[in-house]
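Undergrad: Following this message is one structure expressed as structure tokens.
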Amino acid sequence: MSEGAPTSWEEVARTYGRKIYNFAYRLTGNPDDAADLTQEVLLRVRKGLAGYRPGSFDGWLWRITRNAFIDEVRRKKRRPTVPLPDEVDRLDAGSAPEPSEVLASVRLGDDIQQALLELPYEFRECVVLCDVVGLSYEEIAGAVAAPIGTVRSRIHRGRKMLKELLS
């Protein structure tokens, strides 16, 4: 290792741990997220320390911190979490409909199901999300990662194909 670079993981944690946390806190703005990010950075440093090439150790360390932060932001976009409202705990379980009632309300006729399966996937996906699941065009656009105009076009064309298949 180069001069001035820590020789062990423990030395990195002891020397840079607080600095990593402060940087992580500035990136996340949340003490819990900063602690998680610091832990992730120290784990990555532990894995990568043996392969560290002499150079700017500080630059290497902050690049790891930044990359770990960006990875976490991307992970949260893929799997967003929303806390449940407080009243969820107080819901009466007996008020939910029976599973057979739910199944009957979303069950499609065999002819409709067969026609849906004959649609190209892009059209089938949008039609089902709109007409069966009940999502808005904006929600569908987000789910399928397509512009809203494309979603509207796919729904329109998919319904038209369904009508032709069913007649």
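Undergrad: Can you give the net charge of the other residues whose Cβ lies under 11 Å from the Cβ of LEU162, counting K and R as +1 and D and E as -1?
TA: Values: positive: ARG124, ARG157, ARG159, LYS160, LYS163; negative: ASP111, GLU118, ASP131, GLU164.
Around LEU162, the charge tally is +1.
Undergrad: Compute the length gained on full extension between ALA35 and THR15: take 0.36 nm times their separation in residues and subtract their Cα-Cα distance, giving the result in nm to one decimal. Before the final figure, lay out each step's value.
TA: Numbers: separation 20, 0.36 × 20 = 7.20 nm, distance 1.62 nm.
Full-extension gain reported as 5.6 nm.
Undergrad: Right, something else. In nm, to one decimal, how far is the LYS77 label point from the THR7 one, both placed 7 Å along Cα→Cβ?
TA: Computed distance between label sites LYS77 and THR7 equals 4.3 nm.
Undergrad: Under the Karplus relation 6.51 cos²θ - 1.76 cosθ + 1.60, θ = phi - 60°, what is the ordered set of whole-Hz ³J(HN,Hα) values for the range 54-70, x standing for Gly and Pro?
TA: Per-residue couplings from phi come out as x, x, 7, 5, 4, x, 4, 5, 6, 5, 4, 4, 4, 5, 5, 5, 4 Hz.
Undergrad: Continuing with this model, one more query. At 0.36 nm per residue, and after removing the present C-alpha to C-alpha distance, how many nm does the segment from GLU164 to ALA143 gain when stretched out fully?
TA: 4.9 nm
Undergrad: Next question. About the Cα centre of the range 9-78, what is the dipole size in debye to 20, counting +1 per Lys and Arg Cβ and -1 per Asp and Glu Cβ, all else neutral? Intermediate values should be presented prior to the final figure.
TA: On the way: 15 positive and 9 negative charges, 62 e Å.
The dipole magnitude comes to about 300 debye.
Undergrad: Could you calculate the contour length gain from TRP60 to SER153, that is, 0.36 nm times the residue separation minus the distance between their Cα atoms, to one decimal place in nm?
TA: Gain on stretching TRP60 to SER153: 28.7 nm.
Undergrad: In a shell of Cβ-Cβ distance under 14 Å around PRO147, excluding PRO147 itself, what net charge do Lys and Arg (+1) and Asp and Glu (-1) give?
TA: Charge balance in the 14 Å sphere: -1.
Undergrad: Can you list the lysines whose alpha carbon sits under 28 Å from that of LYS19, skipping same-chain ones fewer than 8 residues off?
TA: Reachable lysines: LYS47, LYS76, LYS77.
Undergrad: A further question follows. With labels modelled as points extended 7 Å from the Cα through the Cβ direction, what inter-label distance (nm, one decimal) is found for ILE70 paired with ASN22?
TA: 2.4 nm
Coordinate-derived values only; no laboratory data. None of the values given here were measured: they were computed from a predicted structure. FYI the Cβ positions are ideal-geometry reconstructions off the backbone, even for glycines, and counts take in every protein chain you see.
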